[in-house]
Ligand code: 5GP
Ligand code: ZN
């Protein structure tokens, strides 16, 4: 979708600090990280949210997710990690291209809501 910022990152038309990429998905650092090492994983194909993902797309995203989580864990050495995914404005979705958040947790005061 031409106006979508995450489509532009996936296409290399907007800069992104890329952690992982294959033919179907791309993971990059969140521009306003909730905590150090906050990463987003998206399908390269524009899908608004979880309701629009095919089973194959969801399978691949979650097949890759452990590798992303382990890379973040090894790099930033957090105490824990949240995987979060928002669908719809009422649920806090601000960018309407599916994304899975990886939010490393350091301690109970690290600011994550
Ligand atoms: P949502 O609230 O939709 O679940 O999360 C959207 C996330 O996208 C936020 O954490 C926000 O910081 C991040 N974000 C918004 N615009 C950009 C951008 O241009 N680049 C990157 N890397 N992250 C972005
Ligand atoms: Zn998009």
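Over the chain, what number does the Rg to Rh ratio reach, with both radii from the alpha-carbon atoms and Rh per Kirkwood? Could the numbers behind the result be given before it?
Values: Rg = 13.6 Å, Rh = 14.3 Å.
With Rh from the inverse mean 1/r over Cα pairs, Rg/Rh is 0.94.
When the helices of the chain are scored as -39500 (n - 2.57) per DSSP H run of n ≥ 4 and the total is divided over every residue, the value at 222 nm lands at -8000 deg cm²/dmol.
Taking other C-beta atoms within 10 angstrom as a stand-in for reagent exposure, 81, 32, 1 fall in the order 32, 1, 81, fewest first.
With 10 angstrom as the radius, rank 105, 47 by how many other C-beta atoms surround their C-beta, starting from the fewest.
Working: 105 16, 47 21.
Listing 105, 47 from fewest to most nearby Cβ atoms yields 105, 47.
Taking 7 Å steps out from each Cα toward its Cβ at residue 24 and residue 65 produces label points 1.4 nm apart. Spatial offset of region 72-91 relative to region 12-61 amounts to 12 Å, using the alpha carbon center of each.
With 0.36 nm allotted per residue and the present C-alpha distance subtracted, the residue 89-residue 46 stretch has 13.7 nm of extension available.
For the chain, the longest principal axis of the Cα atoms and the long axis of helix 55-76 meet at an angle of about 30 degrees.
For residue 13 and residue 58, the difference between the fully extended length at 0.36 nm per residue and the C-alpha to C-alpha distance is 13.7 nm. Taking other C-beta atoms within 10 Å as the exposure proxy, 70, 44, 36 rank 70, 36, 44 from fewest upward.
Just so you know, all these numbers are worked out from the coordinates, no wet-lab data involved. The shown structure was predicted, so the numbers you read here are calculated from the model rather than taken from an experiment. Glycine also receives a Cβ, built like all others from the backbone with ideal geometry; neighbour counts cover every protein chain displayed.
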